[in-house]
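Written out below as structure tokens is the structure these notes cover.
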Amino acid sequence: MTINTPPQPIPQHDITSLDETLRHLSLVERLAFVAGLGSRTVFTTSLGIEDQVITAAIGMHRLPIDVATLETGRLFAETVRLIDETEDRYGLTITRFHPEPDDVSAYAEKYGLNGFYESVEARHACCHVRKLIPLGKALKGAGFWITGLRRGQSGNRAATPFAEFDSDRNLIKINPLADWDIETIKAHVAAENIPVNPLHERGYPSIGCEPCTRAIKPGEPERAGRWWWENDEKRECGLHVAEATQASPIPASRH
Ligand code: SF4
């Protein structure tokens, strides 16, 4: 593994090697391994059940990973309360990244505050202002980005690797729960008494902004309640639809 050896780019086989290494480790070992590679490592949490599992591991094992969340201004009150509760529980700081007020005002002027219901373009514009720009700030200077993506969350995520190159953000994205299913997540949360969003019990397996999330019906896919008025089965907010690939190089100077 040559993740930390500047200055030449990290070749594709090293990302493939990292993916293979992580495959054989436990969750805590995966996180600790990446955090030990020498680059700034950032975990962005939405406070969903998967992300709470990762936050608990970081907090309980005092791993040198920065924890951040995108406080969009449209979150459920339950989610906002869980940020504070999680910080208290694990003695860590979850850094809030907010949208710029001027960007929000410009969006509202052009589309209306809730204009995201009117078109996919308007919805993407809102996610850009409230999520993507703050995400860029959260990941500034990071070499590794930890996420709670799982293969079982949707067909769009079925091929999620443990390590992939994010060419848009020029970093390596790490998905340490890629191979966990929802039942394993729930069992782990119960065994470790990890605090979770009470909305999960009310039919919200996936929780985003309040106006864009509804409870799902029995038998619906986990993410069916996200932007439910859109027809595209691959709908995402743009955080995880970059040109991610395991086959692209990354400048070693970032690491
Ligand atoms: S999920 Fe909805 S409210 Fe939140 S940023 Fe995207 S469009 Fe805006």
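The values are calculated or read from the model by the stated rules, or taken from the named source; none is laboratory data. None of these values were measured; they are calculated from a predicted model. Methodologically, a virtual Cβ is constructed for each residue, glycine included, from the backbone with ideal geometry; neighbour enumeration extends over all protein chains shown. These area figures cover heavy atoms from the full protein model, side chains too; ligands, DNA and RNA do not enter into them. Shrake-Rupley method; radii C 1.70, N 1.55, O 1.52, S 1.80 Å.
So the values come out like this:
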item	result
Some residue of segment 200-213 being closer than 25 Å to Asp19 by Cα, open to solvent by less than 20 Å² (accessible area, probe 1.4 Å) and not β-branched (Val, Ile, Thr)	no
Hits in segment 34-66 (condition: more than 16 Å from the ligand (Cβ to nearest atom), under 11 Å from the mean Cα position of the chain (by Cα) and not in a helix (DSSP H, G or I))	Val42, Phe43
Qualifying residue in segment 159-177 (condition: over 20 Å from Val42 (Cβ atoms) and away from the ligand (no atom under 13 Å from the Cβ))	yes
Meets criteria (within 21 Å of Glu121 (Cα to Cα) and among the acidic types (Asp, Glu)) for Glu210	yes
Residue within segment 122-143 that is under 20 Å from Leu27 (Cα atoms) and in contact (Cβ under 8 Å) with a residue 40 or more places away in the chain present	yes
Subset of segment 86-116 that is in contact (Cβ under 8 Å) with a residue 40 or more places away in the chain and within 16 Å of the ligand (Cβ to nearest atom) - its residue that is nearest to Cys126 (Cα to Cα)	Phe116
Conditions (1) in contact with a strand residue (DSSP E or B) (Cβ under 8 Å, 6 or more places away or on another chain); (2) modelled with pLDDT under 90; (3) not in a loop (DSSP other than H, G, I, E, B); number of the one not met by Ser248	(3)
Residue tally, condition within 16 Å of the ligand (Cβ to nearest atom) and loosely packed, with under 15 Cβ neighbours inside 10 Å, over segment 216-227	0
